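Asks: One structure follows; several queries about it will come next.
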Amino acid sequence: MKKFIKNNGTFIALIFLIIILSFLSPSFLSSRNLTNLVRQVTINGIIAVGMTMVILLAGIDLSVGSVVGLSAVVVTLLMQAGIGMWLAILITLVGVGGVLGFFNGFMSAKFDIHPFIITLGVMTIARGLSLVLTQGVSVPVTNRTFAEIGSGYIPKIPSLIILVIALILGLIAVFKTSMEIKNGDKVRNKAKLTGGIILTIAGFLAGFLIFIGYQGIPIPVAIFAVIVMIGIYTLRKTRFGRKLYAIGGNEKVAWLSGINILRSKTMVFVITGVLSAASGILLASRLNGASPNLGDGFELDAIASVIIGGTSFMGGVGTITGTVIGAIIIGVINNGMSLLGINSFYQMIVKGFIIILAVMIDVLNRRDTA
């Protein structure tokens, strides 16, 4: 039981948080509110997937919020200039997210400058470009199809089929990942298996009650789910993922082992930049327009999600699954405090304390295992 609680503490905290808010606000558990909550989580969650990889390297990316705003502005202006929707999206992903991400990663790795400094500079540059391109005013979206990406739904029957397939694949993945090597023999980690089954079934039931009870799965949620699955597979099953854990655990040893540090770090920041651009595009689609101030403070929510989800600031430890739970916790806190009429200024204070608490827990856990 102790091992189960330790391995699934974040999820248990989420359950308690949901129970408390359901008593404090009767409208919290309504299908409409939960659907909107999950849709809001996707914007931060997509960014947080990339941020997880950055923090796994013991780095940080402060530019993600500004990249979100610049991407929203660029994709909107491109469509206003007569460029097709899908081409505008591609140009934004590569030209904004990819280029700025490459700059962040290459400069920090090549010249051994801490990512905090480089991404702080890019954060300011990207925000300034947003203001220059828009002259400080909002830019409306004129393409109706584009608006469907951020606000549309997958019909209920296809949504139910997707949820059932996700449940089956999730259970298969849990059974596979619960196997461990101990003393040269394959054994099943019962705590990991139990926690994984509970998480998977709880996710299915939550998805069924939220989405099937309303209008189906929102399109941004489906996009987020695909990104999460790719992220999980990348970290668990690919050489690239193993390299990230190695670099975060001990960069010097990783370099001596033949890992190309420059290439790996650059690729991580490119991925984070592209994911931030994707969030900006979804946000512009959902709001049916873009503002130069979009994404302000998003880096705080992304970092909080990653740290709450168990990824260590010291590097080398963390999972995408934990980050998703962390993003949901941040979304629940934001949504719950809004329903309770708590000022957004106080929400920032609460999230700041949560980050500090999560970092303290990480430090204490490392001392216990040292």
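The values are calculated or read from the model by the stated rules, or taken from the named source; none is laboratory data. Please read all numbers here as calculations on a predicted model, not as lab measurements. Cβ coordinates were reconstructed from backbone atoms using ideal geometry, including for glycine residues, and neighbour counts include every protein chain displayed. Ligands, DNA and RNA are stripped out before the accessible areas are found, and what is left, the full protein with its side chains, is counted by its heavy atoms. Shrake-Rupley method; radii C 1.70, N 1.55, O 1.52, S 1.80 Å.
Asks: Could you give me the residue pairs with C-beta distances under 9 Å whose first residue belongs to region 294-314 and is at positive phi and open to solvent by 30 Å² or more (accessible area, probe 1.4 Å), whose second residue is of a type in the set (D, E) and not in a loop (DSSP other than H, G, I, E, B) wherever it lies, and which are 6+ apart or on separate chains?
Replies: Close Cβ pairs (under 9 Å, with a partner that is of a type in the set (D, E) and not in a loop (DSSP other than H, G, I, E, B)) amount to G310/D362.
Asks: So, of the residues in region 10-56 that are in contact with a strand residue (DSSP E or B) (Cβ under 8 Å, 6 or more places away or on another chain) and either without any contact (Cβ under 8 Å) to a residue 60 or more places away in the chain or not basic (K, R) (or both), which turns out to be most open to solvent (accessible area, probe 1.4 Å)? Lay out the reasoning, then the answer.
Replies: To start, the set of residues in region 10-56 that are in contact with a strand residue (DSSP E or B) (Cβ under 8 Å, 6 or more places away or on another chain) comprises 35, 38-39, 42.
From what's left, either without any contact (Cβ under 8 Å) to a residue 60 or more places away in the chain or not basic (K, R) (or both): 35, 38, 42.
Working: T35: 0, V38: 36, T42: 0 Å².
So, considering only residues that are in contact with a strand residue (DSSP E or B) (Cβ under 8 Å, 6 or more places away or on another chain) and either without any contact (Cβ under 8 Å) to a residue 60 or more places away in the chain or not basic (K, R) (or both), the one most open to solvent (accessible area, probe 1.4 Å) is V38.
Asks: Name every residue in region 196-209 that is of a type outside the set (G, A, S), under 20 Å from T10 (Cβ atoms) and at pLDDT 80 or above, in order of residue number. If you could, list the steps in order and put the result at the bottom.
Replies: First pass over region 196-209, keeping only residues of a type outside the set (G, A, S): 197-201, 204-205, 208-209.
Checking which are under 20 Å from T10 (Cβ atoms) leaves us with 197-201, 204-205.
Once the filter is applied, which keeps residues that are of a type outside the set (G, A, S), under 20 Å from T10 (Cβ atoms) and at pLDDT 80 or above, region 196-209 yields I197, I198, T200, I201, F204, L205.
Asks: I've got another one for you. Quick one: which residue in I217, I230 is in contact (Cβ under 8 Å) with a residue 40 or more places away in the chain, β-branched (V, I, T) and under 30 Å from L282 (Cα atoms)? Working first, answer last.
Replies: Numbers: I230 fails: in contact (Cβ under 8 Å) with a residue 40 or more places away in the chain.
None of the others qualify; the one that does is I217.
Asks: Spot the failing condition for L77; the list is (1) within 16 Å of T266 (Cβ to Cβ); (2) open to solvent by 10 Å² or more (accessible area, probe 1.4 Å); (3) not acidic (D, E), and only one is missed.
Replies: It is condition (1) that L77 fails.
Asks: Right, next: Please tell me if G69 is touching a Lys or Arg at 6+ places or on another chain (Cβ under 7 Å) and not aliphatic (A, V, I, L, M). Walk me through how you get there before you give the answer.
Replies: Details: touching a Lys or Arg at 6+ places or on another chain (Cβ under 7 Å): yes; not aliphatic (A, V, I, L, M): yes.
Yes; evaluated as a whole, the condition is true for this residue.
Asks: If A88 satisfies every condition in (1) touching a helix residue (DSSP H, G or I) at 6+ places or on another chain (Cβ under 9 Å); (2) surrounded by fewer than 17 Cβ atoms within 10 Å (Cβ to Cβ); (3) small (G, A, S) but one, which is the exception?
Replies: (2)
Asks: Against the condition of a type outside the set (K, R) and at pLDDT 90 or above, how does L300 come out, does it pass?
Replies: Numbers: of a type outside the set (K, R): yes; at pLDDT 90 or above: no.
Here the answer is no, as L300 does not meet what is asked.
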